[in-house]
Amino acid sequence: MKHKFSGEICVYCNNAPTESKDHIVGRKFFLAERRGNLPQVPSCKRCNNRKSELESYLMTVLPFGARELSPLAWM
């Protein structure tokens with residue numbers, strides 16, 4: 001594992017060792033050109049996958065997401 005969170009503990013469960021890094025706010029909630037430099041935290045694979053499933057669910061049931069115009073676009 002080679003990333004900046006190597007050796008840390010998952011911020012979500014505070015129990016398992018870090019196996020990946022996770023974007024605090026899912027990348028899918030932003031247009032592709034606005035996805036750079038989103039904050040990341042250390043997470044275990046289980047928590048990262050679970051959070052991803054919940055974000056996918058939100059994208060399905062809520063009327064927002066990467067397909068919509070950015071609020072900054074009409075300002």
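Derivation of every value follows stated rules applied to the coordinates shown; laboratory data play no part. All of these numbers come straight from a predicted model, not from anything done at the bench. When we count neighbours, we look across all protein chains shown, and the Cβ atoms used for this are built from the backbone with ideal geometry, even at glycine.
Of note:
- Model label sites at Leu58 and Ser20, defined 7 Å from Cα along the beta-carbon direction, differ in position by 1.7 nm.
- Note on Tyr12, Tyr57: ascending count of other Cβ atoms within 10 Å places them as Tyr57, Tyr12, the fewest first.
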